[in-house]
1. Could you tell me whether region A:297-393 comes out rounded, prolate or oblate from its Cα gyration tensor? Rule is a ≥ b ≥ c as square roots of the eigenvalues, rounded for a/c under 1.5, then prolate if a/b exceeds b/c, otherwise oblate.
2. Taking 37 °C and 0.692 mPa s as the conditions, I'd like the Stokes-Einstein D for region B:54-144 in µm²/s, using the Kirkwood hydrodynamic radius from alpha carbon pairs.
3. Roughly how many Å is it from the Cα centre of region A:144-181 to that of region A:188-231, as a whole number?
4. Ignoring ligands and nucleic acids, what accessible area does residue B:223 show with a 1.4 Å probe (Å², nearest 10)?
5. Rounded to a whole number, what % of the accessible area of region A:225-326 do carbon and sulfur atoms account for, probe 1.4 Å?
6. Place the peptides A:399-410, A:246-257 in order of packing, highest mean first, counting for every residue the other Cβ atoms within 10 Å and averaging per peptide.
7. Quantify, in whole percent, the carbon and sulfur part of the accessible surface of region A:373-434 (1.4 Å probe; protein heavy atoms only).
8. Picking from B:137, B:304, B:260, which is most flexible by a Gaussian network model of chain B using Cα springs under 10 Å?
Amino acid sequence: MWQKSPNHRALSEDEEKKALENAPSLRFRFILAGVLVIGIIAGLAINLIFDYSQKLADLSYDRLLRSALLQMDENVGLMRNEVSIDIPWSAFATLAQAEEDRVFYKVESLEQGFITGYQDLDSQPPQPPVLDQIQFYNQEYSGEMVRFAWVQRHITDPETAQTVRIILGQTRLSREEMASAVTQKAVEVVVFIALVAITLIIIGSHLVLRPLHRIERALEERAMGDLTPIDINTPKETHHLKVAINHFMERLQSNLEQLENYTADAAHQLRTPLASLRALAENARDNTSPERQHQALENIVKQCDTLSQTVTLLLNQAVVSHRLQTHRLEPIDLLAPITASCREQAVAALHQGVLLSLDCDLKETMILGDAFSIQQMMQNLIENAVRYSRADVERGTEIIVQVSEFERFYRIKVIDYGVGIPDIEKERVFERFYRGRYDIAGSGVGLAMVKDIVDHHSARIQILDTEPKGTTFQVDFAKLRFNEDTV
Amino acid sequence: MKQVFFWLAVVVSLNTTKLWATEPVWFGNENAQRILIINSAMDLASFEPILKKFVELHPDVRVAYRDVNTLELYYLTIKEQKKPEASLVISSAMDLHLKLVNDGYAQTYQSSFTDRLPSNFKWRNQLFAFSLEPIVMLVNKKAFPGDLPEDRQSLLQTIRQNEKAMTKRIGTYDIRQSGVGYLLASQDARQADVTWGRLLEAFGSHDVQTYCCTHDIIDDVASGKLVLGYNLLGSYASQRAQEDDRLKMILPKDYTLMLMRAALIPKGAPNVEDAGIFLDFLLSDQAQKMMQTQGLLFPIQPDMNNPNDPYVVNAPGPTGIIELDQQLLVGRDYAKQKRFIRNWEMALEISEED
């Protein structure tokens, strides 16, 4: 049997839309992840560019500043033991390359004090002064951030020695301009690349998901009863999906076929007794002698019982398959359903002159299973054994149910001494509606149901021959093992 | 050093008292609501038509025009930095004006007119040049001995050959009193150091006369008291030479300095809007054309259609445009200025006490 959705109904259009809205989108996630990653990379790149462009601008303009400072430094001299400086025009022509930047400077000697320039300029460098080593630093002056170059050196002649300090600064306008120009260009490139990458991701996601849409469309456009395999060309990545769908449809098809057969056979099963019932009833109507009429009525009652049995069996099967689908296996005592079914069947068997005995001396037999299903299984096995019992052989009316324990499993044996099953048929007895012998009453579904139940419990069933004659059904259930794995 | 400071202080105090004595000249409707005060180192004769045109175009503005010497103008602007009276300051001493901007006394102004101005005629959008004129020699044709000089070399030759006729008869700026005078002298020294040295020496040995202001020199050249004025502003010289037959303007052939007149709006100035409007007017085609056609000033980009126009500079030799950039600060370096003025005084045999 197959698993079904518990309350199947078609979704309305609105619900479908809502479900579609709520469903997480693979494409959206893919794009979102891509955009996030690209965004982070672009952000980092832009951050780096900001830093780098500042450094680059400072590097370039510091060269101008250094050059101007050195030109000034070269023109410092001693005149009559006094430091003097004749600033060369070219020094400021160098600085004028930063067209809009204001220039501030100061020349002083540690011994002589202020010599020229802007007297209120702070001449202390941020780092400890080292002779002849130019320092660059930013400092606010005259309401603006100014880039300063600083140098200090000794100046000596035979009569005097002085320490001269030159501070030369220019505002940062050109630097900022250059930095922002570099940044802007670079940011433009980064943004362009990021946009291209995002576009590629969007296009790529579309392309990647297109085969899925094609499969979806192929499935949607199918006619109601079409279960033939999908035959569209798909790339490797979706090939397995296609194969899985095709396998699924194959299984669905075989299930449907089974169902069709089952329905047809069930109808057939019911039609035969109904026809015979009708014949019997007609017989009773037409017979005039009261004895015969009584006999006919008796037959009708018997036939009704048989029919009722068949219907019960079909119902039980439906119940069992429902239970197997909906109930989880739980720890149960295997003996309980076995004893229950034996007790139930014992009287019915006795009616047919068959002696049913339970052979078991185990106390507790815990397995993982469904008690109702196992009881049904036992019932079917016993009924089957009763049906095929014969009074004309030795022990032919004896049926033994045996439960024994092995290291890893419990073994149930249902032993009869009846007609037995030829080897060729052993394979087929579990097929639905297969009936070994049509002269013996039976629905043909009992053993199929047994097989379903056994399979569902992951148990093992075997059909053996009883010595000297008869059939033994042997079912092994795995023992319930507590925490064995963890020990 | 202290001495120089003292000297500067004396000059400033002297001149500011003089300045406050000079009443501004008013233009426009007396009832006009807005008042625009312009401090300017420019002769009114060259500027009056422009001012009149401006108030005609803007009847709701009344303009007060104060003529101030370039050096005084510099100190006045610094002195008034807390609460400037003038909305616009105009000067021909480009170096002092640039230093004012560099030292943060000016404010930024931007309009479509300033944007149109070529970048070498403005600085930081705070200093705007509106005229470009040659620096010239002006001679009295009758009084000048021998051939008129073509350049500085021929002037030197004339001085040596006519020592008597030239003694006390050459006039130039007192670079201690005139900002523009100092600028021109320092640019001369920069352009041609040797020539400048010889010239200065010759001036010294022939008792050159020093003046504070251009028009005094021109007056004396015209009257024959002087035979030559050296390093005069082209616009004034040209104006007078056109009116007066006795005068001839000479653009030195070895090199002709080109000077800009520039304007700035002081930081914290009142009525900045009208200062901007006036500046835009100065830079407008209308005002620029007026300068050329009415012979007031040399416009930045003169109309070249008339090559014989005296207001189109037609220099016989190379021109040295004094660039409006940070280099001007070098000339105004404290140590350099001190040394330069001392050398100048020594050469001209003028003592500090003079």
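1. Details: a/c = 3.08, a/b = 1.35, b/c = 2.28.
Oblate shape, in that a/c is at least 1.5 and b/c is the bigger or equal ratio.
2. Answer, rounded: 210 µm²/s.
3. Value for the Cα centre distance between the two parts: 64 Å.
4. Near enough 80 Å² of accessible area.
5. 57
6. Descending packing order for the listed peptides: A:399-410, A:246-257.
7. Values: 1220 of 2860 Å².
Ligands and nucleic acids excluded, carbon and sulfur reach 43 percent.
8. Maximum fluctuation in the GNM of chain B, among the listed residues, is at B:304.
The values are calculated or read from the model by the stated rules, or taken from the named source; none is laboratory data. What you see is a predicted model, and the numbers here were worked out from it, not measured in a lab. Reconstructed Cβ throughout: ideal geometry from the backbone, glycine too, with neighbour counts over all protein chains shown. Side chains are part of the model used for accessible areas, which takes the heavy atoms of the whole protein and leaves out ligands, DNA and RNA. Shrake-Rupley method; radii C 1.70, N 1.55, O 1.52, S 1.80 Å.
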